[in-house]
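Everything on this sheet refers to the single structure shown next.
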Amino acid sequence: AILVTVPVPADAELDARLADKAIDTALGEARAQGIRGKDVTPFLLAAVSRATGDQSRVANIALLRNNARVAADIACALAGVR
């Protein structure tokens, strides 16, 4: 098995301190509101996006696109396609 990790592109990186603070705050809000199970992820994504002025959403989309590009590159390489 091979594990491939793909970073957020540099032009979409989110400041780590801003992200950490937004996540900590969102987790506290989720706990305080009793949000559990399948509702946690959408709540956290929305709360962090609001707290970062939408920068986290932009970073997540850039990461998704970068993952797709790398996956396609790997698939083509394995298939011998150029």
Report, in deg cm²/dmol and to the nearest 500, the calculated mean residue ellipticity at 222 nm for the chain, where each DSSP H run with n ≥ 4 adds -39500 (n - 2.57) and the sum is divided by the residue count.
-22500 deg cm²/dmol
Output ordering of 2-9, 60-67 (per-residue mean of other Cβ within 10 Å, highest first) is 60-67, 2-9
Report the one residue of Val48, Thr5, Ala77 whose Cα lies farthest in the direction of the positive end of the charge dipole of the chain (charges on C-beta: Lys and Arg +1, Asp and Glu -1; origin at the Cα centre).
Ala77
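Values in this text are rule-based calculations from the coordinates and carry no lab data. Because the structure is predicted, anything quoted here is derived from the model rather than measured. FYI the Cβ positions are ideal-geometry reconstructions off the backbone, even for glycines, and counts take in every protein chain you see.
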